[in-house]
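What follows is one structure encoded as structure tokens, with my remarks underneath.
The values are calculated or read from the model by the stated rules, or taken from the named source; none is laboratory data. Keep in mind it's a predicted model, so treat the numbers as computed, not measured. Methodologically, a virtual Cβ is constructed for each residue, glycine included, from the backbone with ideal geometry; neighbour enumeration extends over all protein chains shown. For the accessible areas, the whole protein counts, side chains as well, though only heavy atoms, and no ligand, DNA or RNA atoms are used. Shrake-Rupley method; radii C 1.70, N 1.55, O 1.52, S 1.80 Å.
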Amino acid sequence: MSKRISIAIDGPAAAGKSTIAKMVAKNLNYTYIDTGAMYRCVAYYAWLNHVDVQDEQAVSKLLKDIDIDMFPDGTIQLNHEDVTSAIRENEVSMGASVVSQYQAVRTFLVEKQREMAQGGGVILDGRDIGTVVLKDAELKIYQVASIECRALRRHKENLQRGIESDLEAIQKEIAMRDEQDMTRLISPLKKADDAIEIDTSDMSLEEVVAKVMQLVEQRI
Ligand code: CDP
Ligand code: CDP
């Protein structure tokens, strides 16, 4: 039997990390862990409780009441309620980027992520997987694409889901979020020294998956 490795995928917003991670996990029969969804759950829980995401102390106090469950079919539960669609809203994306700056939030979620990743056979996507969460991952990918391309992909995705979408506003939102994620003090988004960068701007999903699978094969 081949070795079951740990795979880290990091990169800016809408670079296709989760789509690729899911496809690769399916090919390998690995567990996929969407760490961005966990930050989204914290922001969404703050909103549900009328807590301002800018209030670090108040957000940190909520953590003890947050229970996140992720299921193999992609369903995400927050305190046993299905929040899979609710956490994808635009305001939640920005809120997630704000709460992700807080040490207490990161400590709480990183611990959970490491627990879930124990034993290998996992693929995690996020911003700090290769640099913090799984520093020893056998394969680290830094997935990027031009801002125009990423905005267009998110825009198309929204339209497909029947959500109203403004391309210019999306581009602004992801640029702002990237800036915030790359410049924060704790665990900023950056390419790990040993990560392999893949620019997917001109690649199809199938081409990206093939590239990642080739890198996996070399390691197992
Ligand atoms: O997880 P992340 O925010 O990085 O991106 P995503 O949620 O996977 O969204 C990326 C969107 O771009 C999806 O709708 C993909 O189908 C599409 N896409 C891609 O990810 N990669 C390509 N090479 C082409 C399209
Ligand atoms: O799918 P998209 O790339 O738009 O965002 P996401 O992966 O769902 O992450 C939402 C936000 O959570 C990001 O903008 C980051 O601020 C934060 N995040 C993080 O700080 N660390 C992670 N490992 C994953 C997400």
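Suppose only helical runs count, i.e. DSSP H with n ≥ 4. What mean residue ellipticity at 222 nm does that imply for the chain under -39500 (n - 2.57) per run, divided by all residues and rounded to the nearest 500 deg cm²/dmol?
Computed ellipticity for the chain at 222 nm equals -15000 deg cm²/dmol.
With every protein chain present, what accessible area does LYS140 have (1.4 Å probe, heavy atoms only), rounded to the nearest 10 Å²?
Here the residue's solvent-accessible area equals roughly 10 Å².
Can you give me the orientation-averaged projected area of the convex hull built on the Cα atoms of region 33-81, in nm²? Kindly include the intermediate steps, with their values, before the conclusion.
Working: hull surface 13.5 nm².
Here the figure is 3.4 nm², rounded to one decimal.
Taking a probe of 1.4 angstrom, what is the accessible area of HIS80 in Å², to the nearest 10?
130
Among all the lysines, which ones have a C-alpha under 27 Å from LYS172's C-alpha, if same-chain residues fewer than 8 places away are not counted?
Straight-line reach from LYS172, under 27 Å: LYS17, LYS22, LYS156, LYS190, LYS191.
Just to verify a number: what accessible area does TYR142 come out at with the full protein assembly present, 1.4 Å probe, Å² rounded to tens?
Accessible area, nearest 10 Å²: 20 Å².
Across 5 Å bins from 0, what is the distribution of all Cα-Cα pair distances for the chain, in whole percents?
Taking every Cα pair in the chain, the percentages come to 1, 7, 15, 19, 21, 18, 12, 5, 2, 0, 0.
Please report the antiparallel percentage of the DSSP beta bridges confined to the chain, to the nearest 5.
Working: 5 of 22 bridges.
Close to 25 percent.
Between ILE220, GLN101, ILE20, whose Cα lies farthest towards the positive end of the dipole of the chain when Lys and Arg beta carbons carry +1 and Asp and Glu beta carbons carry -1, centred on the Cα centre?
The residue sitting farthest along the positive end of the dipole is ILE220.
For a label point 7 angstrom out from the Cα of SER201 toward its Cβ, which stretches of region 127-157 have the backbone nitrogen within less than 15 Å?
What the label zone holds, given the 15 Å backbone N cut-off, is 143-153.
Using C-alpha positions alone, give me the convex hull volume of region 105-220 per residue in cubic angstrom.
136
At 37 °C and 0.692 mPa s, what whole-number value in µm²/s does Stokes-Einstein give for the translational diffusion of region 1-103, with Rh from the Kirkwood sum over Cα pairs?
The estimated diffusion coefficient comes to 222 µm²/s.
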